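Below is one structure; the comments refer to it alone.
The values are calculated or read from the model by the stated rules, or taken from the named source; none is laboratory data. Treat the numbers as computed from the prediction; the structure is a model and nothing was measured. Methodologically, a virtual Cβ is constructed for each residue, glycine included, from the backbone with ideal geometry; neighbour enumeration extends over all protein chains shown.
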Amino acid sequence: MKRGSRNRASFFVRYSHFYSCSYVLIKNIFHLILFINEYSFSFASVMRTRDAEKEELVKQKTIELIVKDGFDSFSINKLAKACGISVATLYIYYESKDDLLTKIGTEHLTHWNELMMQGLSEENSFEEGMRQQWKNRVAFYKLHPYALEFFDQMRNSSYQKTVFMPMMKKFKTSISSFLQRAIDRKEMVALMTPEIFFSIAFVPLHNLIRFDFAGKSMGGSSFKLTERILWHTFDLVMKALKP
């Protein structure tokens, strides 16, 4: 074979080998990139889940601390310690202590507001609507056992005007038509202020929920809110509200 032919053959062998190695290398790099992207997406999803869980923990501990110590004693440092996280982490979710309390209070009251009106319709009689209201309240406070005391604390704090009252105004607007229909149908006593109505309609239920949460009655003996106790109390309340 001539020298030129041998050189060309050698070149094509080297080129083919280089091309084959390059193809394998590029293929491996491509698969590596796909793996990294998939891993990064999975890792980001896990981090988002952990962050969401941490944010829920912050909300839960905020309410527990306020129920225990009140708004005046609440601090970001105490909250961070209770959550087992740094103060800096809290500021990822909230701009300030005021922002945190406003958002958590508003979120809780919004959820309460939405649940209270579930199952109510214009076709409901006064008693049917009130029974649904009691069911809704029991369901909410079982889901959020600290909420009743949290709302009481908020009502007696500086957040009464900025958070509590605006949300209560929304609830009053929603339920007023239901109550007016009951009055028009002569199913409910007409001459009654909102304070009297609330005291008769819901305070007995709230007290039963408090006893149930504490697990103790007024006398200190064990207490559990049963269906019999709940609806016997409801019947007594309805007697007081009906004409």
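Against the definition (in contact with a Phe, Trp or Tyr (Cβ under 7 Å, 6 or more places away or on another chain), over 19 Å from His232 (Cα atoms) and outside the structural domain of Glu56 (by TED's automatic domain parsing)), how does Phe150 come out, yes or no?
Values: in contact with a Phe, Trp or Tyr (Cβ under 7 Å, 6 or more places away or on another chain): no; over 19 Å from His232 (Cα atoms): yes; outside the structural domain of Glu56 (by TED's automatic domain parsing): yes.
Here the answer is no, as Phe150 does not meet what is asked.
Please work out which residue is surrounded by the most Cβ atoms within 10 Å (Cβ to Cβ), limiting yourself to region 142-162 and to residues that are assigned to a helix (DSSP H, G or I) and in contact (Cβ under 8 Å) with a residue 60 or more places away in the chain.
Start the filter on region 142-162 by keeping residues that are assigned to a helix (DSSP H, G or I), which leaves 142-143, 147-155, 159-162.
Imposing the further condition that a residue be in contact (Cβ under 8 Å) with a residue 60 or more places away in the chain reduces the set to 147-150, 153-154, 159, 162.
Numbers: Ala147: 19, Leu148: 19, Glu149: 16, Phe150: 21, Gln153: 22, Met154: 24, Tyr159: 18, Thr162: 15.
Ranking the qualifying residues of region 142-162, first place goes to Met154.
With the structure loaded, tell me whether Ala139 is exposed (fewer than 15 other Cβ atoms within 10 Å of the Cβ) and assigned to a helix (DSSP H, G or I) or whether it fails that test. Please lay out each step first, then the result.
On the way: exposed (fewer than 15 other Cβ atoms within 10 Å of the Cβ): yes; assigned to a helix (DSSP H, G or I): yes.
For Ala139, the condition - exposed (fewer than 15 other Cβ atoms within 10 Å of the Cβ) and assigned to a helix (DSSP H, G or I) - is met.
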Checked pairs for region 177-193, first touching a residue at least 60 places away in the same chain (Cβ under 8 Å), second small (Gly, Ala, Ser) and in a helix (DSSP H, G or I), C-beta under 9 Å and 6 or more apart or across chains, list as Met188/Ala182
Given the conditions (1) of a type outside the set (D, E, K, R); (2) surrounded by 13 or more Cβ atoms within 10 Å (Cβ to Cβ); (3) assigned to a loop (DSSP other than H, G, I, E, B), every one holds for Gln118 apart from (2)
Here the qualifying pairs (Cβ atoms under 7 Å; residues six or more apart or on different chains; first in region 218-243 and farther than 18 Å from Gln132 by Cβ; second part of a helix (DSSP H, G or I)) come out as Phe223/Phe211; Phe223/Asp212; Lys224/Asp212; Ile229/Leu208; Ala240/Ile200
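If you go through region 213-242 one residue at a time, how many are within 30 Å of Lys169 (Cβ to Cβ) and either touching an Asp or Glu at 6+ places or on another chain (Cβ under 8 Å) or at pLDDT 95 or above (or both)? Talk me through it step by step, then tell me what you get.
If we filter region 213-242 for residues that are within 30 Å of Lys169 (Cβ to Cβ), which is where we start, we get 213, 225, 230, 233-234, 236-242.
Add one more test, that the residue is either touching an Asp or Glu at 6+ places or on another chain (Cβ under 8 Å) or at pLDDT 95 or above (or both), and what stays is 225, 230, 233-234, 236-242.
So the answer is 11.
Quick check on my filter: what residues within region 183-203 are part of a helix (DSSP H, G or I) and more than 32 Å from the chain's Cα centre (by Cα)?
Of all residues in region 183-203, those part of a helix (DSSP H, G or I) come to 183-184, 194-201, 203.
Once the filter is applied, which keeps residues that are part of a helix (DSSP H, G or I) and more than 32 Å from the chain's Cα centre (by Cα), region 183-203 yields Ile183, Asp184.
Kindly indicate which of Leu208, Leu191 is surrounded by fewer than 16 Cβ atoms within 10 Å (Cβ to Cβ) and over 19 Å from Gly105 (Cβ atoms). First the steps, then the outcome.
Numbers: Leu208 fails: surrounded by fewer than 16 Cβ atoms within 10 Å (Cβ to Cβ).
The match here is Leu191.
Identify the residue in region 54-71 that is among the hydrophobic types (A, V, I, L, M, F, W, C) and in a helix (DSSP H, G or I) and, among all such residues, is surrounded by the fewest Cβ atoms within 10 Å (Cβ to Cβ).
Residues of region 54-71 that are among the hydrophobic types (A, V, I, L, M, F, W, C), as a first pass: 57-58, 63, 65-67, 71.
After this cut, where a residue has to be in a helix (DSSP H, G or I) as well, the list is 57-58, 63, 65-67.
On the way: Leu57: 14, Val58: 21, Ile63: 22, Leu65: 20, Ile66: 23, Val67: 17.
Selected residue: Leu57.
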